[in-house]
1. Between A65, A54, A77, where does the largest GNM mean-square fluctuation fall for the chain, given springs only between Cα atoms within less than 10 Å?
2. Pull out the extension gain between A59 and K135, defined as 0.36 nm times the separation in residues minus the alpha carbon to alpha carbon distance; nm, one decimal.
3. When the chain is treated as a GNM, springs tying every alpha-carbon pair under 10 Å, which of Y143, Y84, Y40 comes out with the largest mean-square fluctuation?
4. Using modelled backbone amide H atoms (1.01 Å from N, in-plane), which distant-in-sequence or interchain residues come within less than 5 Å of L31's amide H?
5. Whole-Hz ³J(HN,Hα) for each residue in the stretch 131-141, computed from phi via Karplus 6.51 cos²θ - 1.76 cosθ + 1.60 with θ = phi - 60°, x for glycine and proline: what do you get?
6. Can you give me the orientation-averaged projected area of the convex hull built on the Cα atoms of the stretch 17-59, in nm²?
7. Rounded, prolate or oblate: which one fits the chain, using the alpha carbon gyration tensor with axes a ≥ b ≥ c (rounded when a/c is under 1.5, else prolate when a/b beats b/c, else oblate)?
8. Short version: what are the Cα gyration tensor semi-axes of the stretch 1-90, square root of 5 times each eigenvalue, largest first, in whole Å?
Amino acid sequence: VQYYPESTTRTQFVESIIPQINIVNTGTEPLPLSELKLRYYFTKDSQTQALEAACSWTALPGTCANVTVTTGTLTPALTVADSYLEVGFTAGAGSLPVGGQTLDLIVRVNKANWSDFDQSNDYSFDPTSTSDTWKDWSKVTLYRNGTLIWGLQP
Ligand SMILES: [Ca+2]
């Protein structure tokens, strides 16, 4: 999994967290995207506001219609993560061939009242990113049929 924060969201305080994700198939067989779930971990810095998540853009077949984006809560909460963004795919998104990549899968989350997130305490955020450059990123995790296949959980 490769990642960088969308260009307008590289600051500490943001209305929306917008990770840009690239999943690369480094294995030896095609990877059905519908078997994958990806998690981006953060703290929402508010215990009262509901989270709203969505897919913003992807070049995968069917575009965002075949991408599911939900939020979840970590129990117990950690200082670097009490919530996560979970990205999944329907069968229409197809498979990644060997060596293939999704490229530029852009998802977002905001609070119902659009109050700022503080990204300085977010596990998955890369505060060192300054450009649209893919970086292998172990702090975003990927699961295949529920088994961790990339990254380190917080
Ligand atoms: Ca936070």
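1. Comparing A65, A54, A77 in the GNM, the peak value goes to A77.
2. On the way: separation 76, 0.36 × 76 = 27.36 nm, distance 1.94 nm.
Stretched fully, the A59-K135 segment lengthens by 25.4 nm.
3. Y143
4. Long-range HN contacts for L31: L96.
5. Computed from phi, the couplings for the stretch 131-141 are 8, 7, 10, 5, 9, 4, 9, 6, 8, 10, 9 Hz.
6. Numbers: hull surface 17.8 nm².
For the Cα atoms of the stretch 17-59, the hull's average projected area reads 4.5 nm².
7. Working: a/c = 1.61, a/b = 1.58, b/c = 1.03.
Prolate.
8. Details: eigenvalues 122, 47, 36 Å².
Output for the stretch 1-90: semi-axes of 25, 15, 13 Å.
Every number in this text was worked out from the coordinates using simple rules, so none of it is lab data. Here the structure is a predicted model, which means the values were calculated and not measured.
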